[in-house]
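This report concerns only the one structure given below.
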Amino acid sequence: MKKWDVSVIGGGLAGLASAIYLAREGMDVLLLEKSDQLGGRARTDEQADCLFNMGPHALYNKGAGSQILNELGVFPKGGTPNPNGVLISEGKLHELPAAPLSLIRTTLLTWREKKELVRMMFRLPKLDVTAFYPMSLEDWAKEHIAEERVRQLLFTLCRLSSYSNEPERASAGVLLRQLRLSAAGITYLHGGWQTIVNELRNQAVKAGVTIEIHSAVKEITGAARDLLVTLSDGRTIASRYVISTASPAATYRMVKNADRTRLAVWKETVVPVKAACYDLAVRKLPAPAVSFALHLEKPLYFSNHSKAALLTRDPEHSVVHVLKYLDSRQEQNPTQDQQELESFLDQLQPGWRREVIASRFLPSMTVSHGLVTTERGAVLEQEGPEVEEIPGLYVAGDWLTQNGLLADASLSSARAAAMKILQAKSKREVSV
Ligand SMILES: Cc1cc2nc3c(=O)[nH]c(=O)nc-3n(C[C@H](O)[C@H](O)[C@H](O)COP(=O)(O)OP(=O)(O)OC[C@H]3O[C@@H](n4cnc5c(N)ncnc54)[C@H](O)[C@@H]3O)c2cc1C
């Protein structure tokens with residue numbers, strides 16, 4: 001049986017990135033993807049000549065992910081959305097105070113509240129966010145913000161940049177770090193996130209990675225550079241190292257005797273961040289001036305992505321994403337969630353139904369495998385990429401958040417796992 005240097009489980013951003021790093025250093029890498037296409041949650045689908053990401057996707061310009069993509073020879077192109085938008089509060093539309101002028105003009109806040117918001121925004125860049133990793137956002141806000149409405153606005157902005165809707169248990173430090181990152185700018189990508197996936201795939205093939213789709217990993221056994229990966233079609237693959245980019249719970253299920261490893265802890269403590277997504281292509285927007293909106297009291301989002309990025313063949317058409325941030329502790333009700341998103345659209349774009357040319361509702365998308373709770377915030381630096389009890393087994397994915405959230409977390413943990421393997425390999429070569 002051929003023995004691979006590395007088997008990578010999963011062909012999303014994390015799997016592709018780690019495979020490229022390793023193959024470029026001369027390792028023999030096999031990438032196994034269970035579905036019929038690469039990309040995972042970064043895929044883009046075409047409907048009625050319009051491109052839909054899997055819910056709204058924005059690349060953080062100064063995030064670890066952008067740097068890593070550039071390092072791998074991928075230079076995503078796109079447009080910057082206009083920060084001006086609308087904020088609905090108590091049934092009324094207000095200007096979103098996202099820039100100095102809109103802050104002065106907005107009818108949402110009193111002067112006293114505006115002054116406090118400005119103070120908070122000035123403090124944010126200088127804040128030692130790591131000190132607040134084990135503290136909840138709600139507790140941080142109570143301690144540092146006097147005005148209730150400014151607190152609510154902070155929760156709304158943190159929700160926007162992190163997708164997390166649980167201020168009572170989410171780590172303040174991690175969410176404030178993410179808010180700071182989003183203030184440094186975001187990009188909506190021309191052609192959608194599939195362009196990143198395609199470029200990563202090209203780089204992987206160029207580096208010599210062997211890619212297999214329709215290859216679901218069922219079990220990982222063995223240890224210490226003698227790992228065996230069993231696929232659901234019965235084949236067994238021998239490998240010195242394995243990187244799993246599946247969720248902690250899925251990796252736990254794959255690994256024999258995982259109860260004795262830290263995978264058991266991660267499976268219990270890492271809860272997903274979820275969202276209900278309504279992706280729409282419309283002939284024209286009834287209220288084209290409204291291209292971005294949030295709700296202060298409800299966890300709702302609206303954005304016209306095609307205003308900044310090329311996503312439609314017909315320049316008159318628009319791709320808009322509407323989203324509800326879900327709370328992992330509450331039972332989901334997809335019918336009610338869709339109705340809530342539709343009535344949000346009614347408020348922002350009256351008559352939108354007549355203009356729809358394609359749509360899809362994704363009731364429960366996993367935006368990230370791991371909400372950073374206060375408990376996880378306290379041990380963030382100790383999570384992954386090694387599964388220490390099984391030498392040779394590594395994990396990567398967006399739940400490993402030392403260097404960012406979302407795709408930044410996926411890509412930076414993928415890089416970290418690849419670097420650990422290269423270090424382990426060179427240590428071994430020196431000792432041999
Ligand atoms: C609605 C939504 C909005 C988002 N918005 C943003 C955003 O604005 N900015 C941002 O940075 N990020 C955003 N993200 C997050 C981003 O899409 C993900 O963090 C990133 O794509 C995850 O990549 P990954 O490779 O870690 O995981 P995945 O994309 O989940 O890839 C894992 C792959 O592993 C495969 N796999 C799983 N189990 C097995 C197995 N047993 N055998 C073989 N293959 C297996 C899966 O099929 C999948 O292809 C968003 C995500 C969603 C859903």
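Summary table
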read-out	value
Subset of segment 55-107 (residues that are farther than 24 Å from residue 324 by Cβ, of a type in the set (D, E, K, R) and in a loop (DSSP other than H, G, I, E, B))	62, 77
Positions within segment 304-318 being part of a strand (DSSP E or B) and either within 16 Å of residue 159 (Cα to Cα) or within 20 Å of the chain's Cα centre (by Cα) (or both), in sequence order	304
Residue within segment 101-111 that is under 23 Å from the mean Cα position of the chain (by Cα) and either under 30 Å from residue 41 (Cα atoms) or at pLDDT 95 or above (or both) present	no
Filtered residue count, segment 385-430, keeping only those that are of a type in the set (Phe, Trp, Tyr) and closer than 16 Å to residue 22 by Cα	1
Inter-residue pairs, beta-carbon under 7 Å, first closer than 17 Å to residue 8 by Cα and in segment 402-431, second open to solvent by less than 40 Å² (accessible area, probe 1.4 Å) and modelled with pLDDT under 95, 6+ apart	413/384
Long-range neighbours under 7 Å by Cβ, at least six apart or interchain, first residue surrounded by 15 or more Cβ atoms within 10 Å (Cβ to Cβ) within segment 107-132, second in a helix (DSSP H, G or I) and β-branched (Val, Ile, Thr)	113/150; 116/150; 117/150; 120/150
Residues of segment 1-54 satisfying the condition of being among the small types (Gly, Ala, Ser) and within 23 Å of residue 233 (Cβ to Cβ)	7, 10, 11, 12, 15, 19, 35, 39, 40
Tally, over segment 224-268, of residues that are under 23 Å from residue 422 (Cα atoms) and of a type in the set (Lys, Arg)	3
Of residues in segment 23-64 being of a type in the set (Gly, Ala, Ser) and within 6 Å of the ligand (Cβ to nearest atom), the one surrounded by the fewest Cβ atoms within 10 Å (Cβ to Cβ)	35
Cβ-Cβ under 8 Å pairs, at least 6 apart or on other chains, segment 30-45 side in a strand (DSSP E or B), far side near the ligand (Cβ under 6 Å from one of its atoms) and open to solvent by 20 Å² or more (accessible area, probe 1.4 Å)	32/216; 32/217; 44/54; 45/54
Qualifying residue in segment 394-416 (condition: in a strand (DSSP E or B) and open to solvent by less than 10 Å² (accessible area, probe 1.4 Å))	yes
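The values are calculated or read from the model by the stated rules, or taken from the named source; none is laboratory data. Bear in mind that the values here come from a model prediction, so they are computed numbers and not experimental data. All Cβ positions, even for glycine, are placed from backbone atoms using ideal geometry, and neighbour counts span all protein chains on display. Heads up: the accessible areas ignore ligands, DNA and RNA and are worked out on the full protein's heavy atoms, side chains in. Shrake-Rupley method; radii C 1.70, N 1.55, O 1.52, S 1.80 Å.
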